[in-house]
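Everything on this sheet refers to the single structure shown next.
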Amino acid sequence: MADEDVLKLLNYESYYALTKMTVPQDAMVILNQFENEQLIQQRDDQSWDILNLGALAFGRNLEDTDTLGRKPARIVRYSGSGRWHQSEEEELKAGYASGFAEIMDCVRRLTPKNETFNGGFRKQESRFPDVPVRELIANALIHQDFTARGVGPMIEIFDDRMEVLNPGAPLIDARLFITAPPKSRNEALSKLLRRLGICEEQGIGWDRIVQEIELLQLPAPRIEVIHDSTRITLYAARPLSTMSPSERVEAIYQHACLQYVNGTTVTNASIRKRFGIHQRNSAKASRFLADALTAGVIVTADSNGGRKFKKYLPYWAQDSTDQNMTAQSDA
């Protein structure tokens with residue numbers, strides 16, 4: 001491939017914009033920079049090959065590459081909560097680094113809004129918080145299985161939820177997303193997009209997602225592994241009274257994982273804060289904790305104190321806590 005063909009197929013302008021550098025006037029400087037980034041590779045005859053990383057990150061059109069032709073991000077908006085009324089669809093064909101801002105702009109445009117009034121002024125706010133949406137989409141792009149043919153990342157937007165699907169089962173247990181050491185099947189792409197500020201530092205994305213959701217007291221995101229694909233569902237706000245027992249249990253489990261990561265435990269007070277329960281209704285928080293204990297997603301951290309003062313851990317943390325106590329005793 002000739003020099004000019006590489007520059008025609010790769011959005012080098014966006015590379016320099018994202019790295020906050022001035023675009024060189026000399027084409028060879030750009031090509032050498034891209035070769036150093038392992039985006040392209042020069043042949044013995046001085047022509048060039050665009051590597052998969054280069055096409056994925058900065059391709060002007062992923063359909064120009066045979067192996068990546070089905071990998072553009074697809075965004076579908078439905079009217080209502082079912083898939084029978086599709087109102088709009090977009091397929092964004094640019095590489096994930098150069099096209100990420102366009103993907104996010106499209107998602108924001110298609111996301112339903114809530115209207116609020118403040119001081120006589122009308123304000124529209126997205127029904128789904130921006131930080132979790134950004135992290136979930138970035139994760140879907142980065143962690144997909146590129147060997148899966150005929151399918152790519154898809155974002156489906158409903159009135160009451162957003163579903164983000166990426167090809168490939170997760171490399172770690174989905175129940176441990178918040179706490180497990182990170183693994184990536186596409187480390188080169190992940191490293192590049194982190195450096196460009198498109199995704200979070202490795203391993204803290206899910207912490208941010210759950211923390212933001214808890215601050216807004218939203219239902220917990222749902223994680224599903226379906227036919228070697230991973231689907232994450234983000235829900236719009238709704239009253240606590242409409243959440244099912246299983247949804248409350250899942251929210252408590254994710255809360256327990258986040259508390260553990262932050263070096264603390266679950267308490268009646270933390271559950272009241274998570275769900276927006278008034279202190280005088282602490283018995284309700286106790287009932288929710290009892291349901292989570294029965295479901296086996298949390299365990300008591302100690303046997304002291306009454307119901308209001310008990311502390312709880314995620315179910316998998318008890319073994320590590322016991323091991324630490326045994327090690328300290330042996331020492």
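Can you tell me the 0 to 90 degree angle between the C-alpha axis of helix 130-142 and the longest principal axis of the chain, rounded to 10?
60 degrees
Which three numbers, in whole Å and largest first, are the semi-axes of the equivalent ellipsoid of the chain derived from its Cα gyration tensor as √(5λ)?
They are 42, 25, 17 Å, listed largest first.
Calculate, for Thr67 and Val261, the FRET efficiency according to 1/(1 + (r/R0)^6) with r their C-beta to C-beta distance and R0 35 Å; round to the nearest 0.05. Can you show the working numbers first?
Numbers: r = 37 Å, r/R0 = 1.07.
Efficiency for this residue pair is about 0.40.
Helix 205-215 versus the longest principal axis of the chain: what is the Cα-based angle in degrees, 0 to 90, to the nearest 10?
The answer is roughly 50 degrees.
³J(HN,Hα) across the range 254-267 via Karplus (A = 6.51, B = -1.76, C = 1.60, θ = phi - 60°), whole Hz, x for Gly/Pro?
5, 4, 5, 4, 5, 4, 5, 4, 8, x, 9, 10, 7, 9
Take the alpha carbon atoms of the range 197-259, find their center, do the same for the range 1-64, and report the distance between the two centers in whole angstrom.
Taking the Cα centre of the range 1-64 as reference, the centre of the range 197-259 is 38 Å away.
With a 10 Å radius around each residue's Cβ, average the other Cβ atoms per peptide and rank 177-186, 127-136, highest first.
Peptide ranking by packing, descending: 127-136, 177-186.
Taking amide H positions as placed 1.01 Å from N in the peptide plane, with prolines and chain starts having none, which residues 5 or more places from Val299, or on another chain, fall under 5 Å of its amide H?
It is Leu313, Tyr315, by chain and number.
Set the Förster radius R0 to 22 Å, insert the Cβ-Cβ distance between Gln46 and Thr19 as r into 1/(1 + (r/R0)^6), and round the FRET efficiency to 0.05. Walk me through the numbers before you get to the answer.
Numbers: r = 26 Å, r/R0 = 1.17.
It comes out at approximately 0.30.
Compute the FRET efficiency between Lys273 and Arg195 as 1/(1 + (r/R0)^6), taking r as their Cβ-Cβ distance and R0 = 45 Å, and round to the nearest 0.05. Please list the in-between numbers first.
Numbers: r = 36 Å, r/R0 = 0.80.
About 0.80, to the nearest 0.05.
Using the scaling law 2.2 N^0.38 Å as the reference, what is the normalised Cα Rg of the range 90-175?
On the way: Rg = 15.4 Å, N = 86, 2.2 N^0.38 = 12.0 Å.
In units of the 2.2 N^0.38 Å rule of thumb, it is 1.28.
Over the alpha-carbon set of the range 30-85, work out the extent along each principal axis and list the three values in angstrom, largest first.
Extents along the principal axes: 56, 20, 12 Å.
Out of the total accessible area of the chain (probe 1.4 Å, heavy atoms of protein only), what percent is carbon and sulfur?
Working: 8120 of 17050 Å².
Summing carbon and sulfur atoms, their accessible area is 48 percent of the total for the chain.
Could you report the range 119-271's accessible area per residue, 1.4 Å probe, as an integer in Å²? All intermediate terms of the calculation are to be shown ahead of the outcome.
Values: 6690 Å² over 153 residues.
I get 44 Å² per residue for the range 119-271.
The values are calculated or read from the model by the stated rules, or taken from the named source; none is laboratory data. Since the structure is predicted, the reported quantities are computational estimates derived from the model, not experimental observations. Positions of Cβ are generated from backbone atoms using ideal geometry, with glycine treated the same way; all protein chains shown enter the neighbour counts. When the accessible area is computed, the model is the full protein with side chains, heavy atoms only, and any ligands, DNA or RNA have been set aside. Shrake-Rupley method; radii C 1.70, N 1.55, O 1.52, S 1.80 Å.
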